[in-house]
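No value in this document is a laboratory result; all are computed from the given coordinates. None of the values given here were measured: they were computed from a predicted structure. All Cβ positions, glycine included, derive from the backbone under ideal geometry; neighbour counts span all protein chains shown.
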Amino acid sequence: MSRKLGSNRSNSAAVIRCAIYTRKSSEEGLEQEFNSLDAQREACDAYIRSQKATGWIALPAMYDDGGISGGTMERPALQRLLADIAAGRIDTVVVYKVDRLTRSLHDFAKIVDAFDAKGVSFVSVTQQFNTTTSMGRLTLNMLLSFAQFEREVTSERIRDKIAASKQKGMWMGGNPPLGYDVLDRKLVINEPEAERVRDIFRRYAALKSVHALKEDLDAAGILSKSSVDRFGKPRGGKQLARGALYLMLKNRIYRGEIVHKDKAYPGLHDAIVDEALWDMVQAALAENRVERVTRSTATNPSLLAGLVYDAGGERMSPTHANKKGTRYRYYISQSLIKRGRPQASDEACRVPASDLETIVDDEIIRLMRDEELIHEIAGPSSVAQRKALITQATAFANRWPSRSPSHRRAIAHALIERIVIAPKEVALTVRLEAVRHITAPDLDIRRLPQSLDGPTRILSLPARLKRTGMETKLLIQGPTGPIRRNADRSLIRLIAQAHRCRRILDRASHDQTMIVLAAEVGVGATYFTRVVRLSFLAPEITKMILQGRQPPELTAKMLVTQEPPPTSWDDQKRRWVSPKG
């Protein structure tokens, strides 16, 4: 089939430069010494030689697309062909069949336009008809329509075959997951890798955090599956990314199942992870899964997202963890998120969001009540205007705690330029000019400027990071020593449990043993004995715990696992209520 699109060459031109384009949809067989692309090129080259008398010559450039569907224009060789046509280097394009060029009528129209623009012809060596006539064009369009139809029907057959095969539990190809190899197109357990998979599941069941799991696996040197592709290149054998760990922990192949369109079917392969461990991991994943909500509707939004940096200048992003139905929010350095603690920068840190946001709230209120600073911000204005600004700032400070999270976030971003978490202080850089805007009586947060030129002021608050048990707390150095900005929930729960145990002990009869009393609470007798002693803490210490003012070393773990507290209230206060606290 030869198509002439209006040559831009003169009649006296003796040479017709022919480009051969070949394509194969799948990669199967391309590694052979003589493959389908070679066969297509050989047939096209023979046709060009047969037209030698008319001046046809084959260009040496190779335009071969192997393993790429004809349903897309994103083909490297096709794009090079079109670029050379646009540059005027080609007179005729020769293909084995029209569907090698494209299977899409829409794409064919684009290609024809590109050919017409440069007066380029094309030839199909196996299809003979004249496209210079209207009937020939109709025949060509019909041919392409059937080619596209054939492609879509073939795709449907493949999809149906895959669905039916997976319903029978068959492995349908691809890279085998860690723990399995492929033998005779079936998944078989690779026992050393399978034990690695079970170890990963057990570690997650204990840690209940993918972030902590990744750090643990990296420290232990546990890597992804290693293999070699069909070209002999090594693949895998790297540290497991958090996304890969999530997919692994939810992959039902490890339960001996095959999944197709969210439905699981019994597989023909053996399971690696037993049902008890699988259920434990899925329960932990479900507990940690928090529905994504918009910032405006979040119960506890991260008010300072985008403003917080660590001492090394690295941005700290909001994150969270769920434990027993409670959501704990943090701001964490980027290097900790991406590389984990062993490879993070020395200044990288993770701080509780509520601690930091409470600090910022207090500093905003203190700033607005600082009449001397507000007087300075007012500048060279009248006495009445200065008094008005001071009054507005005071009213703003009074209203601040009751504002909605969305209002507080917008105002904080207008007022604060940067927050730096240093080892011994929290430094807020505030825009002084923003005070006029945010204290205005007719404040509209939708029109608040997010960047204002003018003077800034750094407000530094002495603070330090302190690790207490498994958590990191941000301790503020107040006038009477370290003050914890939020109470320790685990410690409060322990005290509440102690008083519950005390009530059970008080109403118990003389013939009831400690084992029986402990069973009523659902704990062991030894634990019951340790916990009930905490109900005898001095009232001052209990109040201090409820207010979050206890010293860092006074944790729930310490009270339960170490020696019991002194029985004397005076001894307890000498131990934990120091002059500094």
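One chain, two ends: Ser568 and Asp346. Fully extended at 0.36 nm per residue, the span grows by 75.6 nm beyond their Cα-Cα distance. Applied to segment 497-503, the Karplus parametrisation 6.51 cos²θ - 1.76 cosθ + 1.60 on θ = phi - 60° returns per-residue 3J(HN,Hα) values of 5, 4, 5, 5, 4, 5, 5 Hz, with x for Gly and Pro. With a threshold of 24 Å on the Cα-Cα distance, the over-threshold entries among Lys97/Lys161; Lys97/Lys233; Lys250/Lys557; Lys214/Lys238; Lys238/Lys261 are Lys97/Lys161; Lys97/Lys233; Lys250/Lys557; Lys238/Lys261.
All Cα-Cα distances of segment 9-69, cut into 5 Å bins from zero to the largest, leave 4, 18, 23, 19, 15, 10, 6, 4, 2, 0 percent in each bin in turn.
For Glu520 and Thr126, what does the FRET efficiency come to when R0 = 60 Å and r is the distance between their Cβ atoms, rounded to the nearest 0.05?
0.10
Each of the peptides 344-354, 232-242 was scored by the mean count of other Cβ atoms within 10 Å over its residues; in descending order, highest first, they stand as 344-354, 232-242. Fully extending the segment from Ala264 to Lys338 would add 23.4 nm, taking 0.36 nm per residue of separation and subtracting the current Cα-Cα distance. Highest mean packing first, where packing is the average number of other Cβ atoms within 10 Å per residue, the peptides 18-24, 418-424 line up as 18-24, 418-424. The packing ranking, built from the mean of other Cβ atoms within 10 Å per residue, places the peptides 175-188, 244-257 in the order 244-257, 175-188, highest first. Among the listed pairs Lys208/Lys263; Lys166/Lys225; Lys208/Lys543, those with a Cα-Cα distance over 29 Å are Lys208/Lys543. Summarising the label geometry, the points placed 7 Å from Cα in the beta-carbon direction at Thr391 and Val188 lie 8.8 nm from one another. Summing charges over all other residues whose Cβ lies under 12 Å from the Cβ of Arg255, with Lys and Arg as +1 and Asp and Glu as -1, gives -3. With R₀ set to 51 Å, the beta-carbon distance separating Lys543 from Ser406 gives a calculated FRET efficiency near 0.90.
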